[in-house]
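Presented below is the structure to which this report refers.
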């Protein structure tokens with residue numbers, strides 16, 4: 001009776017204590033560092049590029065940056081909204097892309113985090129900085145006395161284009177999520193097979209390894 005009571009108390013303590021194993025802390029640290037380095041690199045490239053361009057060309061670059069962020073945001077939503085079932089039937093028919101599509105869906109957290117947060121937020125920050133540089137170019141070009149109005153209009157333009165683009169992308173992602181995942185899986189497959197770049201880990205294998213370690217640990221304790 002005493003042993004059973006002790007086990008129950010341990011179980012209650014384990015339930016109360018937050019388990020950090022279920023959170024992918026390795027991914028959180030890695031993506032934080034990657035975002036820091038990527039933001040520096042992209043900011044330097046975009047700033048040097050924008051300085052050497054005329055205001056019309058700089059404006060086109062701004063639209064491209066916003067579109068780039070919207071594109072990745074659409075992918076992130078599609079991954080989060082998609083289901084494995086149609087790709088399992090494709091995999092049974094030996095469709096090569098299906099395996100990578102299933103991996104994308106199983107890694108929905110990291111993939112959507114990278115697409116929506118990393119690329120999306122960096123694009124948002126850079127588009128704001130690019131808009132400011134275009135305002136300065138317009139002031140120098142046309143000699144505007146009051147640049148505040150141009151700055152407000154430019155900020156409103158960037159914000160409305162970003163929000164509107166993301167709203168459209170969200171609708172497309174929710175409606176065509178399987179098609180988007182399939183085409184993204186094609187790109188991931190080319191990177192894996194042709195270039196040997198493995199972007200997505202197989203989560204099921206990792207879980208099996210963890211479960212095996214836990215079983216080995218339990219069996220070791222029981223033998224003692």
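The values are calculated or read from the model by the stated rules, or taken from the named source; none is laboratory data. Not measured: the values here are computed from a predicted model. For neighbour counting, all protein chains shown are included, and Cβ atoms are generated from backbone atoms with ideal geometry for every residue, glycine included.
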Count of residues meeting criterion [closer than 15 Å to residue 52 by Cα, surrounded by 15 or more Cβ atoms within 10 Å (Cβ to Cβ) and free of Cβ contacts under 8 Å to residues at least 60 places away in the same chain] in segment 133-144: 2
For residue 146: the one exception among (1) in a helix (DSSP H, G or I); (2) over 12 Å from the mean Cα position of the chain (by Cα): (1)
Pairs with Cβ under 6 Å, 6+ apart, first in segment 115-130 and within 15 Å of residue 41 (Cβ to Cβ), second buried (at least 16 other Cβ atoms within 10 Å of the Cβ) and at pLDDT 90 or above: 119/72; 123/65; 123/68; 123/69; 126/65
Residues located in segment 88-120, provided they are in a loop (DSSP other than H, G, I, E, B) and over 12 Å from the mean Cα position of the chain (by Cα): 93, 94, 95
Search result, residues across segment 179-191 that are surrounded by fewer than 17 Cβ atoms within 10 Å (Cβ to Cβ) and either out of contact with any helix residue (DSSP H, G or I) (no Cβ under 8 Å at 6 or more places or on another chain) or closer than 17 Å to residue 112 by Cβ (or both): 179, 183, 187, 190, 191
Residue pairs meeting the criteria (Cβ under 8 Å; at least 6 apart or on separate chains; first farther than 17 Å from residue 63 by Cα, in segment 37-52; second assigned to a helix (DSSP H, G or I)): 38/118; 38/122; 39/122; 39/125
Count of segment 1-54 residues which are in a loop (DSSP other than H, G, I, E, B), more than 20 Å from residue 199 (Cβ to Cβ) and either touching a helix residue (DSSP H, G or I) at 6+ places or on another chain (Cβ under 8 Å) or at pLDDT 75 or above (or both): 3
Which listed residue is more than 18 Å from residue 62 (Cβ to Cβ), at pLDDT 80 or above and not in a loop (DSSP other than H, G, I, E, B), from 157, 182: 182
